[in-house]
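Below you'll find the structure, written out as structure tokens, and then a few comments.
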Amino acid sequence: MRAWLTRCCPCQSPARLVAARNSHESAPWRRATSSARRKHFLRDEGEASARKLDRAGVDVTCTRYNGLIHDYGLLNAMSQVPGVRSAMLQASAELKKHLG
């Protein structure tokens, strides 16, 4: 599992987590997770990486959106679902806050 995440999601790599821990000026992170199932390995790994970054002193916002499928932000047919709208509004507010 860890090898797959490192290859497909370089932001999850242990080297990047160590670099974030050692950087006093690391950028804030926003992690959104979702799952229509009770247990989902991508959701669990995403939340675990957010906890690691938080322990390393990185500014992290992690929000779980229950009941949404993994690609909720890519499907126009789901754009009016309340959970999807909340996720997009939160993401845009974070971008505005940090990018000005």
Requested in this report: Quick one: in segment 40-73, of everything that is of a type in the set (Lys, Arg) and within 22 Å of Val84 (Cβ to Cβ), which residue is modelled with the highest pLDDT?
Outcome: Arg64
Query raised in the report: Looking at segment 14-33, is at least one residue among the small types (Gly, Ala, Ser), at pLDDT 70 or above and surrounded by 12 or more Cβ atoms within 10 Å (Cβ to Cβ)?
Result: yes
Query - Of all residues making up segment 26-66, the number that are small (Gly, Ala, Ser), assigned to a helix (DSSP H, G or I) and touching a helix residue (DSSP H, G or I) at 6+ places or on another chain (Cβ under 6 Å) - result: 1
Query raised in the report: In segment 85-98, which residue that is in contact with a Ser or Thr (Cβ under 9 Å, 6 or more places away or on another chain) and without any contact (Cβ under 8 Å) to a residue 40 or more places away in the chain is farthest from Pro28 (Cα to Cα)?
Result: Arg85
Report summary line: Pairs returned, first residue in segment 42-63 that is free of Cβ contacts under 8 Å to residues at least 60 places away in the same chain, second residue that is among the polar types (S, T, N, Q), beta-carbon separation under 6 angstrom, 6 or more apart or interchain, are Arg43/Thr33; Arg43/Ser35; Gly46/Thr33; Glu47/Thr33; Ser49/Gln12; Val58/Ser26
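The values are calculated or read from the model by the stated rules, or taken from the named source; none is laboratory data. Predicted model only: the values in this text are computed from it and were never measured. Virtual Cβ from ideal backbone geometry, glycine too; neighbours counted across all protein chains shown.
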